[in-house]
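K.L.:
The structure that follows is given in the form of structure tokens.
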């Protein structure tokens, strides 16, 4: 039976690296929600808003859900990667996909996230890292995985230990 995984956490915590490697390990479809948002111009924050609105994430979901439903129906697992700072976004995916699922919240200290972001070719900057960290930290969801001081392989192994 196919399942899907949601990898969430702040900017710079290692979500994309972990989600991509996990996808390869599971021979799963990798779905980077941020890429979908950017590709369709949905990654914009209104001047009076603190973050990308929930409606934009739902639109992005609706764009990928037909393909994802088909993949799951055909027995292929799926790994979603995003900050998921709107709890309703997680709920939307879970309610839209009648399959087993796992949610992992990756955590690291803010200073670690800012440092990692600063080391990227395309970094978002300290203010963005701080803002997203604050948004994601408003709630925990699923299994908490501390990434600070751990190698990628160690984190993957920890996540895999929670899958049935």
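The values are calculated or read from the model by the stated rules, or taken from the named source; none is laboratory data. Quick caveat, the model's predicted, so the values are computed rather than measured. Please note: Cβ atoms are built from the backbone with ideal geometry, for glycine as well, and neighbour counts cover all protein chains shown.
K.L.:
Being assigned to a helix (DSSP H, G or I) and crowded, with 19+ Cβ neighbours inside 10 Å is the filter here, so list the residues in the stretch 1-31 that pass it.
P.N.:
15, 18, 19, 22, 23, 26
K.L.:
Residue 37 - would you say it is buried (at least 18 other Cβ atoms within 10 Å of the Cβ), more than 15 Å from the chain's Cα centre (by Cα) and either without any contact (Cβ under 8 Å) to a residue 60 or more places away in the chain or farther than 15 Å from residue 84 by Cα (or both)?
P.N.:
No; evaluated as a whole, the condition is false for this residue.
K.L.:
Additional query: Quick one: is residue 45 assigned to a loop (DSSP other than H, G, I, E, B), closer than 18 Å to residue 128 by Cβ and under 15 Å from the mean Cα position of the chain (by Cα)?
P.N.:
In short, no.
K.L.:
Could you tell me which residue of the stretch 15-31 is farthest from residue 89 (Cα to Cα), considering only residues that are in contact with a helix residue (DSSP H, G or I) (Cβ under 7 Å, 6 or more places away or on another chain) and touching a residue at least 60 places away in the same chain (Cβ under 8 Å)?
P.N.:
Checked the stretch 15-31; the qualifying residue farthest from residue 89 (Cα to Cα) is 25.
K.L.:
Among the numbered conditions (1) touching a helix residue (DSSP H, G or I) at 6+ places or on another chain (Cβ under 8 Å); (2) modelled with pLDDT under 95; (3) not in a helix (DSSP H, G or I), tell me where residue 121 comes up short.
P.N.:
Checking residue 121 against (1) touching a helix residue (DSSP H, G or I) at 6+ places or on another chain (Cβ under 8 Å); (2) modelled with pLDDT under 95; (3) not in a helix (DSSP H, G or I), the one that fails is (1).
K.L.:
Ok, one more. Give the residues of the stretch 48-57 that are part of a helix (DSSP H, G or I) and buried (at least 18 other Cβ atoms within 10 Å of the Cβ), sorted by residue number.
P.N.:
56, 57
K.L.:
Collect the residues in the stretch 137-164 that are touching a strand residue (DSSP E or B) at 6+ places or on another chain (Cβ under 7 Å), in contact (Cβ under 8 Å) with a residue 60 or more places away in the chain and not in a loop (DSSP other than H, G, I, E, B), keeping them in residue-number order.
P.N.:
Matches in the stretch 137-164: 155, 159.
Residues are listed down the side, and each one gets a yes or a no for (1) in a helix (DSSP H, G or I); (2) surrounded by 14 or more Cβ atoms within 10 Å (Cβ to Cβ):
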{"site": "84", "(1), (2)": "no, yes"}
{"site": "89", "(1), (2)": "yes, yes"}
{"site": "92", "(1), (2)": "yes, yes"}
{"site": "98", "(1), (2)": "no, no"}
{"site": "105", "(1), (2)": "no, yes"}
{"site": "113", "(1), (2)": "yes, yes"}
{"site": "117", "(1), (2)": "yes, yes"}
{"site": "132", "(1), (2)": "yes, yes"}
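K.L.:
While we're here: What is the number of the single condition among (1) over 21 Å from residue 106 (Cβ atoms); (2) without any contact (Cβ under 8 Å) to a residue 60 or more places away in the chain; (3) assigned to a helix (DSSP H, G or I) that residue 72 does not meet?
P.N.:
The number of the failed condition is (2).
K.L.:
Okay, moving on. So, of the residues in the stretch 32-42 that are outside any loop (DSSP other than H, G, I, E, B) and in contact with a helix residue (DSSP H, G or I) (Cβ under 6 Å, 6 or more places away or on another chain), which turns out to be farthest from residue 128 (Cα to Cα)?
P.N.:
Of everything passing the filter in the stretch 32-42, 36 is farthest from residue 128 (Cα to Cα).
K.L.:
Now, a different point. In the stretch 61-95, what count of residues is obtained for those that are within 22 Å of residue 139 (Cα to Cα) and in contact with a helix residue (DSSP H, G or I) (Cβ under 8 Å, 6 or more places away or on another chain)?
P.N.:
13
K.L.:
Tell me which of these residue 74 doesn't satisfy, since it passes every other one: (1) more than 21 Å from residue 164 (Cβ to Cβ); (2) modelled with pLDDT of 95 or more.
P.N.:
Exception for residue 74: condition (1).
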